[in-house]
Ligand SMILES: C[S@@+](CC[C@H](N)C(=O)[O-])C[C@H]1O[C@@H](n2cnc3c(N)ncnc32)[C@H](O)[C@@H]1O
């Protein structure tokens, strides 16, 4: 099995749309009349959740006439938030077939299908012509991709000259072993966590100019502590990442929080310009 097949299999839930709709209904949402904001506790599959996407959106400088490519869009949380907030067009691509189907179904339910489209594709072979997009984002995806040089070359190819690329990945800030499973990988075989320095070097080599680099570690730690404190009192939330990840969420989340708290990894945002 290739790395991409292993990665897609790891993320595949099997009955994700039904599970999400049941969780939404159980928490009192009207699933026949959904707003994108109803989904914000389950459709942001990254540290810092919606708050991190809000910051990324501000730093990307999106405008209504722009077309954003979200590489590794998952079930479309960032795509829906950014399309709705900035009134821009968004195209999402993702390796995991089920995520693409669920992204489309949720987007249809939120009435955002005129602004967002999704494609099942690899970030290493983007199915778009050169210069197709005004901006691009990559949110917690690079940890699954060994060949980041090809990834950044592909994003650079499909961006218009001067277009901004927001990378928001978990990066290594201390050389110490990671415990698995992680939310993105069962074992180290499909995990490729790199340092900010490696990201900067590879982005620059593909023609990007680095504009900004920011750690979101404090934000992620604060929100994850709040979530854990609440769960310790009330039990696991009805709406949380456990809905997407399934029964294995607990050990996967525990390992990522442990490495975050220990200062081995941090969610880092880099804004680069093509
Ligand atoms: C942790 S999730 C993040 C999803 C989304 N960006 C978000 O923040 O909610 C990682 C996503 O990257 C996708 N992915 C991993 N490797 C990929 C690749 N080579 N090409 C496209 N998507 C990929 C996975 O299928 C998964 O949906």
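Nothing in this text is a laboratory measurement; each read-out follows from the coordinates by a stated rule. Bear in mind that the values here come from a model prediction, so they are computed numbers and not experimental data. Note: ideal-geometry Cβ built from the backbone for every residue, glycine included; neighbour counts use all protein chains shown.
A few notes on this one:
- Residue within region 215-236 that is surrounded by fewer than 16 Cβ atoms within 10 Å (Cβ to Cβ) and within 17 Å of the chain's Cα centre (by Cα) present: yes
- You will find that of 99, 45, the residue that is assigned to a loop (DSSP other than H, G, I, E, B) and within 13 Å of the ligand (Cβ to nearest atom) is 45 and no other.
- Residue in region 183-196 that is surrounded by 14 or more Cβ atoms within 10 Å (Cβ to Cβ) and within 20 Å of residue 60 (Cα to Cα) present: yes
- From 69, 62, residue being more than 9 Å from the ligand (Cβ to nearest atom), in a loop (DSSP other than H, G, I, E, B) and in contact with a strand residue (DSSP E or B) (Cβ under 8 Å, 6 or more places away or on another chain): 62
- Test: residue in region 37-55 that is on the phi > 0 side of the Ramachandran plot and surrounded by fewer than 22 Cβ atoms within 10 Å (Cβ to Cβ): no
Residues are listed down the side, and each one gets a yes or a no for (1) within 15 Å of the ligand (Cβ to nearest atom); (2) closer than 29 Å to residue 23 by Cβ; (3) in a loop (DSSP other than H, G, I, E, B):
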residue	(1), (2), (3)
57	yes, yes, no
79	yes, yes, no
82	yes, yes, no
103	yes, yes, no
113	no, yes, yes
117	no, yes, no
126	yes, no, yes
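- All conditions but one from (1) over 20 Å from residue 50 (Cα atoms); (2) touching a helix residue (DSSP H, G or I) at 6+ places or on another chain (Cβ under 9 Å); (3) buried (at least 17 other Cβ atoms within 10 Å of the Cβ) apply to residue 271; the one that does not is (1).
- Looking only at region 18-34, and only at residues there that are surrounded by fewer than 16 Cβ atoms within 10 Å (Cβ to Cβ) and assigned to a helix (DSSP H, G or I), the one that is nearest to the chain's Cα centre (by Cα): 18
- Residues in region 73-117 that are surrounded by fewer than 24 Cβ atoms within 10 Å (Cβ to Cβ), more than 20 Å from residue 60 (Cα to Cα) and touching a strand residue (DSSP E or B) at 6+ places or on another chain (Cβ under 6 Å): 97, 100, 104.
- Considering residues of region 175-202 that are within 24 Å of residue 156 (Cβ to Cβ) and in a loop (DSSP other than H, G, I, E, B) only, the residue nearest to the ligand (Cβ to nearest atom): 184
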